[in-house]
Every structure is written in C-alpha cells, then in structure tokens.
Amino acid sequence: MTRRRQALLIAGTALTVTHFCSAADLRLSIVGNSGKPIPEVVFIATPTGEASASRTRSQSGASGAPAILDQINKEFVPEVLVVRVGTSVLFPNSDSVAHQVYSFSPAKKFALPLYRGRPYPPVVFDKAGTVTLGCNIHDWMVGYIYVSETPFFAKTESAGTAAIDDMPPGEYTVRVWHPNMEQGEETTARRVILNADGPSTVEWELSLKPALRVPRVTGSASAGYP
C-alpha cells in the first residue's frame, strides 16, 4: 500500500484532496484488501458548515418519477438501490412467476402481497437508513435500498469507482456502505474539503465479510407460485 493511500485511510483525518481540472466533482475509488475494485458500494457526502448553507441539488426520483427496483430471473435488480428520503420506489415483477416482496427493516417496514405482472403502487421511503428486501417465495432473493438524508450520493460501478458532480464547495462528511462490510458505516466517516477549482478524488480500502446467502433453488423446485 502506498504512503498516500495509508494517509487517506486514517479514520477521522481531515482530507484536503487533490484537484485535476475545472469541475466541482467528487470522485471515489474503492478496493478490497486484495486490491480488487468493489462494486455496489454506496458513497454518501453530507455537507457541513458553509457547504450545508449553500445551494442544494434536487436528486432524480425524490420528487419526480419513482425509482425502479425490478425482479428479474428471481433476483432483485439492482441488488443495491440508492434513493433520497422521500423517494417513491416501484417494484415491478418482470418474471413469469409470482413474488411477494417485504422488509422488516426499521427504516421501512412493508409487504406487497403475492403478485406478478402489474406492480402495486409505489412505496414511499420516508426515513433515512438501510432497508433489506426479501421475497417470501424465493428465500435466496435479497436486495437493499439505501435511503440517503443528503442529495449527494453515488454507487460504485464494476471498476470500483463513483462520482458526484456539481457540488457546492466547502466541507463534507463522507462515508461508505456495503451490505457485506466488516465495520459499521459510522466508522467510515471522514471529513473532506472541496474547493471550486476542480474535481477531488478519495481512495478507500474496504474489508468485506463473506457473503452468506441462502442457496438458489434450480429446476422445477424454483418455479414458485404460478
């Protein structure tokens, strides 16, 4: 590990990050202990101080069209969805079999009775937190909705990178979340100072636990209800 990365990984350290070109963007790069990139990591930036008093940006879905979390090939797609508090989420069922979506998470408890084809009306996620989804018919189906209190968020792609564009300059508290991370989300919090003269990059190394999933049933036993 390079000295630069080691410095960035010190919890609670104030980070004045490096700038490259004319844009007010925040970029994230996340790898695991092996050095491989980690996708599906939620990246949250909460403005503090002057940044908190600056203009805020509306996030698609918070007051517009519902976000979509589909069910395809007996899996939730995407596995991790990030929305802002107040966002409505629609749960279509693109499979030919029925599903019964539910959550017991404190941030949003709900249940959609057995259905296929046309979905129920959207569910409004009005409390910040992590919502774990399941299907009563297919036990291996697990999905997550991260409900953010801030409009500044992103999710890493297959290369382990993410970007938040058009942010007001100032100080932010940034943190990350992944369903299999070893440490708690609160332990990842750090301060980042953004200036107006270019994008900033934060590198992160994240330790993940082995994913424990109910084995997927194949063949006729996996058909579910008609």
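The values are calculated or read from the model by the stated rules, or taken from the named source; none is laboratory data. Note that the structure is a prediction, hence the values are computed from the model and not measured. Every residue, glycine among them, receives a Cβ derived from its backbone with ideal geometry; neighbour counts consider all protein chains shown.
For the range 93-110, the candidate set comprises residues that are among the hydrophobic types (A, V, I, L, M, F, W, C), in contact (Cβ under 8 Å) with a residue 24 or more places away in the chain and outside any loop (DSSP other than H, G, I, E, B); within that set, the residue that is surrounded by the fewest Cβ atoms within 10 Å (Cβ to Cβ) is 104.
Looking at residue 132, is it among the β-branched types (Val, Ile, Thr) and under 21 Å from residue 215 (Cβ atoms)? Yes, satisfied. Is it the case that the range 127-139 has a residue that's outside the structural domain of residue 175 (by TED's automatic domain parsing), among the acidic types (Asp, Glu), modelled with pLDDT of 95 or more and surrounded by fewer than 18 Cβ atoms within 10 Å (Cβ to Cβ)? No, every residue in the range 127-139 fails to be outside the structural domain of residue 175 (by TED's automatic domain parsing), among the acidic types (Asp, Glu), modelled with pLDDT of 95 or more and surrounded by fewer than 18 Cβ atoms within 10 Å (Cβ to Cβ). Scanning the range 129-148 for residues that are of a type in the set (Phe, Trp, Tyr) and in a strand (DSSP E or B) turns up 144, 146.
Within the range 71-92, the set of residues being surrounded by 18 or more Cβ atoms within 10 Å (Cβ to Cβ), out of contact with any Leu (no Cβ under 9 Å at 6 or more places or on another chain) and not in a loop (DSSP other than H, G, I, E, B) comprises 71, 80, 82, 83, 84, 87, 88.
The rows are residues; the columns are (1) part of a strand (DSSP E or B); (2) over 19 Å from the mean Cα position of the chain (by Cα); (3) farther than 22 Å from residue 212 by Cα; (4) β-branched (Val, Ile, Thr).
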| residue | (1), (2), (3), (4) |
| --- | --- |
| 113 | no, yes, yes, no |
| 124 | yes, no, yes, yes |
| 127 | no, no, yes, no |
| 150 | no, no, yes, yes |
| 163 | yes, no, yes, no |
| 167 | no, no, yes, no |
| 191 | yes, yes, yes, no |
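For residue 185, the conditions (1) free of Cβ contacts under 8 Å to residues at least 60 places away in the same chain; (2) in the same structural domain as residue 93 (by TED's automatic domain parsing) are fulfilled apart from (2).
Kindly provide the set of residues from the range 69-92 that are in contact (Cβ under 8 Å) with a residue 40 or more places away in the chain and of a type in the set (Gly, Ala, Ser), ordered by number. The answer is 86, and nothing else.
Here the condition is being at pLDDT 95 or above, touching an Asp or Glu at 6+ places or on another chain (Cβ under 9 Å) and of a type outside the set (Phe, Trp, Tyr); of 101, 80, 89, it holds for 80 alone.
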